[in-house]
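For reference, the structure is listed below as structure tokens.
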Amino acid sequence: MEKEVLAVMSAVNVFPDHLTTEKLEGNLGGFGSFNVPIWAASNIIATEMLRGRKMKLDVSNEALTDVDDIARKTSLFLQRYGADPSNSSVVTAAMLYWSGVNASAGIPTPNRKLGGVCRIAAGAPGGRIATLPTEKLNNKISGYPAVSAIYELLQKEHVAPFDPALLPVGLAGSPVLGHSALGEDYLFPTLCKKFVPVGIEAMLKAYRSAGIKPCRFMAALMAVAATLEIVHPDAYIGEEYGPFLRTRTPDLCGKIAVEATGLPEVLHIRGTGDEVSTAKVIGDLGLILKDCGAPTVVGMIMFNEVNAIVEEGAIVGVGRGGGPILLPLHHWVMQPVLALYALGHGASEEETIEIIRKSTDGYFQKDDANIAVNILAHRAHYLCRGPITNILIKATEPGKTRTLAERIQSTYNKFKSGLSLQEAVDIVEKDHVKVTQDGVSKIMSKILGKDVEYVKYTNIRPGAGRRKAKVAQKFFAFDGHLDVEVKVDGKVYFFDNFLAKWAPKIMLEGDTENLPGMAAVCLGVTDLLNSGACSANMVICACMAAALGMEPKEAADKVAEYSNFQLSIPAQSLYDATDYTTRIMTELKS
Amino acid sequence: MDAKSTFHRQLDILGQLPSALGRERAINAVFASIKLRMSVDQVKSAGAALPDWLRPLWIQANAATEGPSSDDVVELIKNIGGYGYRGAAERILKAVMGSLFEILDTEPKRHFSESLPDAFIPFWEDAHGCSLGATMGQYL
């Protein structure tokens, strides 16, 4: 093997940070983001699970259960690395839920709800849905619309099926109402059936009015949670809704929410073939949100990304970290949660590795996605080692090695054939675009149910003309220019200067003529904007130039200058990696 | 509730199967894997023990699969059903066995169990513990 190839392979792997433009250390405390700790915390849950701890809430006669203990360990770990207590609570609850812990169990005592268990374990204060934010989809709202709409309804009409003023003395709060026909067959179902649709409608309207694509999943969760703040949240209900002892008010709320939002009745868990009842998931997660405390926007972003193990994710609005686009790395948490799910539901280590390996199939840039998972797994492994990061590294290291080896050798060959650094960067970026184009055509055809015959992203560069600042002329992320041509169902669309010109034009004018074209290409554009999440291509070019004798800083400066989009923001990792390359080459040549 | 509804409800709950499609897939996978190890006469005999509404699914159960065959019954069900991991296949096997156990009367139950290939006997013997009634205690 040529020394240069060996040196570059070694340099790019010195730290996982070398393969991304993102500042992963900054993710470990202070400003609130905490996805790397989530990857690490999944090890805590898995370790306890594999030790044979009881991963179920039930009515055992003990002060603290195994779930209490695991919740405490997990949430305190997350807080050590920057998570707010309520944020640690909601994420711990969601991770435990997907690993197989039930959302609630109980009779008057003990009455255990996973959200409450996690909140208390985290030391978080209680919260209300009115102040619970949604995740950030550029803008964000809160559960306030749902709560407000339900209370408006209560003011406008008498919702209960009877006049409670007629209740005899002593019955308010009693089992006569709460644990028999009056409550279970009449009162609770009536309220659920009225509150949930009203809450959902209000959420969807608020989303639209604030310029956010309405998220059906989150609207459903908020409406269910707001309903359960009023309605008895774990009452049994009549058997026409489901088997006794298994069916409670959250399950009915979930069912109504699915009908009201048009969500599919069944969701699937990526890579496993497992089906889950959407109604059950919505009911359970809504109950968790009601009890988990007062998460902030960051906590809700992570909560939603934890839920992105759902295959239909992008379509129903459950997280974006499952593909097809590369998100910035600080959003990703799907893979460790998927591994937790698989282990918690009886998959072996090898089966889980295979499930994770296949989980990158749905990305436009499958190889870069594999590297991204590997970066985060390695980073998390040094915060807290364990079965999940072991599995994730085993799943992704072979693919990462193959990808890097091929790209490094190819870049070496380019230089040896006489190409300049600029020419090498150009070719590598064009190859990257081609992969995205192929992925968009295939995956968007499936998502949209249309024939996206081809898409071409051309003239990709910084400086679309909107911004005058020098940094915007240098880095794609700040004012990116690209032209797009796409053929959808036989019609060709051409959008020049898409981001600065056509995207606002189509949206502001409500241009339904061109909307199908925009719908087909947008995710690919996002993928290109986010491509710095895995900057392997650019780092390899810079490191190879350094290995072949260029000064490391010069190599990094030049790649930053020549890159049209893959180095979308300034990246210190480029300079670090080239410096290591030169040091290693010096040693290899001596 | 009639036997068919009981069977479906139990299978859905024990197997964690929220859709009719998932239920059909589960029944096919288990029935097909059992039939693979039976002689033609045993297949007929076991089918005769099943209720009329379930017998067509027994007859139609098809082991055509893209995955490899296996001596391990759980692995076999995993391949036939296209389940991503053994845990899912085992859950399905127990759910089908438990649900059948619940709805078959004494004589058909005996007849069916006598037809079962050896590899399935342990799962059938555990079936009474897998029925919905047996699992309800955890909620109290």
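The values are calculated or read from the model by the stated rules, or taken from the named source; none is laboratory data. Bear in mind that the values here come from a model prediction, so they are computed numbers and not experimental data. Reconstructed Cβ throughout: ideal geometry from the backbone, glycine too, with neighbour counts over all protein chains shown.
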Query - Meets criteria (more than 14 Å from chain B (Cβ to nearest Cβ) and either surrounded by fewer than 18 Cβ atoms within 10 Å (Cβ to Cβ) or at pLDDT 95 or above (or both)) for A:Pro250 - result: yes
Report summary line: Turns out the helices (runs of 4 or more DSSP H) fully within the range A:29-107 with at least 2 residues that are buried (at least 20 other Cβ atoms within 10 Å of the Cβ), of a type in the set (Val, Ile, Thr) and in contact with a Lys or Arg (Cβ under 8 Å, 6 or more places away or on another chain) are A:35-50, A:66-80
Query - Residues of the range A:200-247 satisfying the condition of being in a helix (DSSP H, G or I) and either β-branched (Val, Ile, Thr) or within 14 Å of chain B (Cβ to nearest Cβ) (or both) - result: A:Ile200, A:Val224, A:Thr227
Requested in this report: Please indicate, with yes or no, whether at least one residue in the range B:39-59 is in contact with a helix residue (DSSP H, G or I) (Cβ under 8 Å, 6 or more places away or on another chain), modelled with pLDDT under 95, within 17 Å of B:Ala119 (Cβ to Cβ) and surrounded by 21 or more Cβ atoms within 10 Å (Cβ to Cβ).
Outcome: yes
Report summary line: When the range A:171-199 is checked residue by residue, the ones that are of a type in the set (A, V, I, L, M, F, W, C) and either touching a strand residue (DSSP E or B) at 6+ places or on another chain (Cβ under 6 Å) or part of a loop (DSSP other than H, G, I, E, B) (or both) are A:Leu171, A:Ala172
Query raised in the report: Is there any pair with a first residue in the range A:349-368 that is within 14 Å of chain B (Cβ to nearest Cβ) and free of Cβ contacts under 8 Å to residues at least 60 places away in the same chain and a second that is part of a loop (DSSP other than H, G, I, E, B) and among the aromatic types (Phe, Trp, Tyr) whose Cβ atoms are under 6 Å apart and which are 6 or more apart or on different chains, and what are they?
Result: A:Glu351/B:Tyr85
Report summary line: If we keep only residues of the range A:385-421 that are basic (Lys, Arg) and under 23 Å from A:Ala339 (Cβ atoms), then the residue surrounded by the most Cβ atoms within 10 Å (Cβ to Cβ) is A:Lys400
Query raised in the report: Restricting attention to the range B:40-52, does a residue exist that is part of a loop (DSSP other than H, G, I, E, B), over 19 Å from B:Gln10 (Cα atoms) and more than 14 Å from every other protein chain (Cβ to nearest Cβ)?
Result: no
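Residue-wise test of (1) among the aliphatic types (A, V, I, L, M); (2) surrounded by 21 or more Cβ atoms within 10 Å (Cβ to Cβ); (3) touching a residue at least 12 places away in the same chain (Cβ under 8 Å).
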{"position": "A:Phe495", "(1), (2), (3)": "no, yes, yes"}
{"position": "A:Lys505", "(1), (2), (3)": "no, no, no"}
{"position": "A:Gly532", "(1), (2), (3)": "no, yes, yes"}
{"position": "A:Asn537", "(1), (2), (3)": "no, yes, yes"}
{"position": "A:Ala545", "(1), (2), (3)": "yes, yes, yes"}
{"position": "A:Thr581", "(1), (2), (3)": "no, yes, yes"}
{"position": "A:Ile584", "(1), (2), (3)": "yes, yes, yes"}
Query raised in the report: Can you spot a residue in the range A:284-294 that is under 27 Å from B:Ser5 (Cα atoms) and out of contact with any His (no Cβ under 9 Å at 6 or more places or on another chain)?
Result: yes
Query - Given (1) farther than 26 Å from A:Val90 by Cα; (2) touching a residue at least 60 places away in the same chain (Cβ under 8 Å); (3) more than 14 Å from chain B (Cβ to nearest Cβ), number of the condition A:Leu376 does not satisfy - result: (1)
Query - Candidate set from the range B:1-22 (those that are closer than 19 Å to B:Asn79 by Cβ and free of Cβ contacts under 8 Å to residues at least 40 places away in the same chain); member that is farthest from the other protein chains (Cβ to nearest Cβ) - result: B:Leu21
Query raised in the report: Is it the case that A:Leu528 is crowded, with 19+ Cβ neighbours inside 10 Å, part of a loop (DSSP other than H, G, I, E, B) and touching a Gly at 6+ places or on another chain (Cβ under 9 Å)?
Result: no
Query - Which listed residue, of A:Leu285, A:Leu343, A:Leu289, A:Leu263, is farther than 30 Å from A:Ala477 by Cβ, within 11 Å of chain B (Cβ to nearest Cβ) and crowded, with 24+ Cβ neighbours inside 10 Å - result: A:Leu343
